[in-house]
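Just so it is clear, none of the values below were taken in a lab; they were calculated from the coordinates. All of these numbers come straight from a predicted model, not from anything done at the bench. Cβ coordinates were reconstructed from backbone atoms using ideal geometry, including for glycine residues, and neighbour counts include every protein chain displayed.
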Amino acid sequence: MTTFLSPDAPIYVAGHRGMVGSAIVRELRQRGFHHLITRTHAELDLCDQAAVHAFFAATRPAQVYLAAAKVGGIHANSVYRGEFIYQNLMIQNNVIEAARLNGVERLLFLGSSCIYPRDCPQPIREDYLLTGPLEESNRPYALAKIAGIEQCWSYNRQYGTRYLAVMPTNLYGPGDNYHPENSHVIPALIRKAHEAKVRGDAQMVVWGSGRPLREFLYSEDMAAACVHLALLPEPEYGALLNDRTPPLVNIGVGHDMSIRELAETVCRVVGFDGELVFDASKPDGTPKKLLDVSLLAAQGWRAQVAFEDGLARAYADFQAQQAL
């Protein structure tokens with residue numbers, strides 16, 4: 001595919017140590033881009049406006065992937081609400097503004113499918129944004145990400161930038177966070193199932209009723225979709241940007257499963273053969289969250305990794321992390 005970038009163009013990936021950013025770095029390298037700019041949090045605090053502006057002025061990236069964010073599951077979103085809205089707003093405000101001031105033409109802003117209303121029609125189209133109330137458990141994070149989409153759209157209209165926002169569905173894969181309290185559902189279940197297997201437990205407790213439906217995308221697929229969109233040639237890329245609608249593209253697989261089915265599949269992959277017990281006193285979150293991915297499919301991209309294959313790779317990554 002012909003792109004607008006040469007292989008030696010400087011590309012900044014913010015959040016390169018996380019599951020999302022590290023997958024994007026690997027995908028860019030596989031495509032032959034060798035001038036990738038990365039900084040750890042210790043090297044560059046993205047909440048520090050002056051430091052971010054100085055960094056952009058010194059490195060002058062041609063393209064930016066904004067994957068840095070404070071993220072977590074239901075528990076973390078409920079407990080650290082102030083941190084979630086403050087840090088995410090600061091990170092995206094600083095990076096997007098510095099990109100504009102330093103002539104970055106294309107920036108890819110990564111959010112999450114939790115930006116959509118809690119009870120909106122399914123599958124969720126991009127134009128359902130802001131058509132109803134949000135899920136309360138992750139409202140601060142979702143509002144920050146919605147502000148980032150609006151910022152990209154506003155900059156495109158006022159300043160002529162060409163910034164695109166992508167909203168991946170629930171992700172899993174190498175480099176995920178397996179913290180017992182602050183992780184998302186798949187890494188949390190992988191850890192639980194592994195520890196239950198090692199202890200020889202007869203039962204494993206899963207939060208919630210098991211009835212909510214969720215869509216899951218392997219992180220390497222997500223990265224391939226992001227880079228595919230960010231490197232689209234004209235006029236395909238330009239067709240995603242207009243004054244009438246936000247510059248927003250869903251990234252997903254187009255089908256979902258219940259949390260019960262998910263837990264059963266995780267246990268099968270991990271090798272835990274005990275009983276699953278669902279604790280309905282714990283929150284379920286949004287009842288169903290399936291993305292409409294027809295816009296992405298129209299750009300020539302579909303997910304490639306089968307779910308159980310991806311889970312097996314994620315479990316191998318968890319085991320490798322535990323061995324360190």
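Out of every Cα pair in region 1-92, what percent are spaced more than 16 Å from each other? Each step should come with its number before you reach the end.
Working: 2479 of 4186 pairs.
Of all Cα-Cα pairs in region 1-92, 59 percent lie more than 16 Å apart.
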Problem set entry | Total charge dipole magnitude, region 190-261, about the Cα centre, Cβ charges on Lys, Arg, Asp, Glu only, Debye to nearest 20 | 580
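Explain nothing, just the number: dipole magnitude of region 218-324 about its Cα centre with +1 on each Lys and Arg Cβ and -1 on each Asp and Glu Cβ, in debye rounded to the nearest 20.
Working: 8 positive and 16 negative charges, 38 e Å.
With only Lys, Arg, Asp and Glu charged at Cβ, the dipole is about 180 debye.
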Exercise. When the Karplus curve 6.51 cos²θ - 1.76 cosθ + 1.60 is applied with θ = phi - 60°, which whole-Hz ³J(HN,Hα) does each residue of region 246-252 get, with x for Gly and Pro?
Worked result: x, x, 10, 9, 6, 10, x
Exercise. Order of THR286, THR169 from fewest to most other C-beta atoms within 10 Å?
Worked result: THR286, THR169
Seminar exercise, completed: For region 216-292, whose charge dipole is built from +1 on Lys and Arg Cβ atoms and -1 on Asp and Glu Cβ atoms, the candidate among GLY274, THR245, MET257 with its Cα farthest towards the positive end is THR245
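By per-residue mean of other Cβ atoms within 10 Å, what is the highest-first order of 63-70, 225-232? Provide the component values of the computation, followed by the final result.
Details: 63-70: 24.6, 225-232: 22.0.
Packing order, densest peptide first, comes out as 63-70, 225-232.
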Seminar exercise, completed: When the chain is treated as a Gaussian network with springs between alpha carbons less than 10 Å apart, the largest mean-square fluctuation among ALA297, ALA188, ALA42 is found at ALA42
Exercise. By its C-alpha gyration tensor, with a ≥ b ≥ c as the square roots of the eigenvalues, how is region 183-324 shaped: rounded for a/c under 1.5, else prolate for a/b larger than b/c, else oblate?
Worked result: prolate
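Sorting VAL166, VAL205, VAL293 on the 10 Å Cβ count, fewest up front, what's the list?
VAL205, VAL166, VAL293
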Seminar exercise, completed: Final fewest-first order of THR40, THR265, THR59 on the 10 Å Cβ neighbour count is THR40, THR59, THR265
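Taking the DSSP beta bridges in the chain as the whole, what percent of them are antiparallel, to the nearest 5? Walk me through the intermediate numbers first.
On the way: 2 of 32 bridges.
Given both bridge residues lie in the chain, the antiparallel proportion sits at roughly 5 percent.
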Seminar exercise, completed: Mean-square fluctuation maximum in Gaussian network of the chain, Cα pairs under 10 Å, restricted to ALA193, ALA303, ALA58, hits ALA58
Exercise. Rg and Dmax of the chain over Cα atoms: what are they, in angstrom?
Worked result: 19.4, 61
Exercise. Using a simple charge model, +1 on the beta-carbon of Lys and Arg, -1 on the beta-carbon of Asp and Glu, nothing else, what dipole does region 140-226 show about its Cα centre, in debye to the nearest 20?
Worked result: 140
For this session: Please turn the phi angles of region 273-282 into ³J(HN,Hα) values with the Karplus equation 6.51 cos²θ - 1.76 cosθ + 1.60 (θ = phi - 60°), one per residue in order, whole Hz, x for glycine and proline.
Result: 10, x, 7, 8, 10, 9, 8, 6, 6, 8
